[in-house]
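All remarks here apply to the structure that follows.
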Amino acid sequence: MKPATFTRLTFLVVLAWAPLVQAQEAPDAGVAPNEPASDPLNLTAESLAGLSWKQASDRVDPIRQRAEQAMAEERYNAAAEDFALIAGLLPDSPQKMNARLRAAIANTKAGKLTEAKGGYDQTIALAKQLLAIPYREPAQAKKLPSVDSVKDVLRRTLLYKATVCRELNSNAEALAAIRCLRVEDPEYQYLRKIIPLQAQLEGTDAETINAREGAASRLSDKAKWAWRADKPDEAMKLADEAIAKYPGTGGAILAGLTKARILYRQHRYADARAVYAGLANQLQRDGAGFESEFVRESVSIASRFDAERVFYDLLGRTRRKVSVASDEWARLNEMLRLAITWSKDEDRRLDSWNLSVQALYYQGAYEKMVSEGQALLEKYAKRYASDPKVKHSAEEVYTWIGYALHALGRSSEAIPYFVHTLEAYAGDPKAWGSRLPYPHALFGLRQALKATNAPEAAISDIERDILANAPGSAYARKIVSGE
């Protein structure tokens, strides 16, 4: 069979298979004259913006019915315009995603493949945006009727895009869509339908691809079930075999996730982070969406635990006056930067950022620490008054900025930062708690006042305050003596 004929056949089979297309749709036998789309309800995007997703979708239902009728009558140009009109009216939602997909399918049937490809790209982008909601906006996650249904649309759309790209002779884009589909569909449900096209593009045979994917999938399943049966060593061995023998397959991706989860549960955070990071980089190269969101979040968790362990080890050595090289703190900050950048959980991201600010101080990167600390304070400001945990974290940062400015010889600028913390805890009977920044701010203020040649009386008042609030405290005596 000639390649062009083979591709066209695959193209039509894929479209015919789509569950979102009406079951009784006929093959593309022709295109009726185009009809201009119009909105019989005089709706606007602004008028629908304040409605729920379902309410907005219900308002455009007459246009949707007209579009579906046009599809059934093979008036694909008219259908494409109506579905595009719906997509333009609706807010970002699963309903808008479906309208974009239907418009792209109609354009495909009308032979307008360039427009269809653009529509598939828009559908993919919106699907990924919706799938990221549980990570980026957890409070909005309940608005998604079904994450699985959105993932299903994403997979189908990648399938259609690969076929259209091949028709347009955009072979590189077709292969990229197939790679992305492999990531989004590692269970191999949709990927098998595009394997003939993949084989043609890669110059191999479909049986070879099927055999590799199937073998990798079986090993991955065995690894998963061994782990669930509390046999981590056996599961790890099976996962490693799948990764080594069948790299790049969906089964290898799932095996990598299983391996990373086992390492994480065994508290081997550095090893888990390395596996997660490798997976994330691979998936991002392949254009991954939802799965890479999961992996990036997992990397941030593993990095956070790993970084926290390293931080307290370095801090302990510093307090014991054991030499710690500056580049050790720098490496720690690289780990923390990974956790900050990839985490979609706001609290976890801010906690890692706070730790990074402290690490920058110990590294001696005072200028950068001040800049990072001030940026972090802006993030804390939104919840400072309502969340005691955020207030505590913010005051830690105020104190650290004060110390950094003092170390830079800018003691007069440091004083307001120390005072901010002292005023925040004024009158609090627990202000001298060992985990609160109050005593550290008091000591910092004493040092800054000394550096600015403040009156001795003011410094003495601070020392009396220290001793009065912590009578008999060895720590207080150290503060006063300057040890």
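The values are calculated or read from the model by the stated rules, or taken from the named source; none is laboratory data. What you see is a predicted model; the values in this text were computed from it and never measured. Note that we place each Cβ from the backbone using ideal geometry, even for glycine, and neighbour counts take in every protein chain shown.
Take L257 and decide whether it is crowded, with 19+ Cβ neighbours inside 10 Å, on the phi < 0 side of the Ramachandran plot, modelled with pLDDT under 95 and hydrophobic (A, V, I, L, M, F, W, C). Here the answer is yes, as L257 does meet what is asked. Note on the stretch 229-251: among residues that are at pLDDT below 90 and in a helix (DSSP H, G or I), the one that is farthest from the chain's Cα centre (by Cα) is G251. C165 is checked against (1) buried (at least 22 other Cβ atoms within 10 Å of the Cβ); (2) outside the structural domain of K109 (by TED's automatic domain parsing); (3) closer than 28 Å to A125 by Cβ; (4) not polar (S, T, N, Q) and fails just one. What number does that condition carry? With respect to (1) buried (at least 22 other Cβ atoms within 10 Å of the Cβ); (2) outside the structural domain of K109 (by TED's automatic domain parsing); (3) closer than 28 Å to A125 by Cβ; (4) not polar (S, T, N, Q), C165 is out only on (2). Exactly one residue out of A365, A375, A381, A359 is farther than 22 Å from F311 by Cα and at pLDDT below 95, and it is A381. Filtering the stretch 77-97 to residues that are buried (at least 23 other Cβ atoms within 10 Å of the Cβ) and among the acidic types (D, E) leaves only D82. Determine if the stretch 174-188 includes at least one residue that is modelled with pLDDT of 90 or more and within 31 Å of the chain's Cα centre (by Cα). Among the residues of the stretch 174-188, at least one is modelled with pLDDT of 90 or more and within 31 Å of the chain's Cα centre (by Cα), which makes the answer yes. Of all residue pairs spaced 6 or more apart or on separate chains, those with beta-carbon atoms under 7 Å, a first member in the stretch 344-365 that is outside the structural domain of A381 (by TED's automatic domain parsing) and free of Cβ contacts under 8 Å to residues at least 24 places away in the same chain and a second member that is buried (at least 18 other Cβ atoms within 10 Å of the Cβ) and part of a helix (DSSP H, G or I) are S356/N333; S356/L336; S356/I340; S356/E372.
I'd like to know if the stretch 49-66 contains one or more residues that are at pLDDT 80 or above and either within 23 Å of L197 (Cα to Cα) or among the aromatic types (F, W, Y) (or both). Within the stretch 49-66, one or more residues are at pLDDT 80 or above and either within 23 Å of L197 (Cα to Cα) or among the aromatic types (F, W, Y) (or both).
Considering only the stretch 217-228, state which residues are over 27 Å from the mean Cα position of the chain (by Cα) and within 12 Å of T258 (Cβ to Cβ). If the condition is that a residue be over 27 Å from the mean Cα position of the chain (by Cα) and within 12 Å of T258 (Cβ to Cβ), then L219, K222, W225, A226 are the ones that fit. Residues that are small (G, A, S), within 24 Å of E346 (Cβ to Cβ) and modelled with pLDDT of 65 or more within the stretch 123-149 comprise A125, A127, A132, listed in sequence order.
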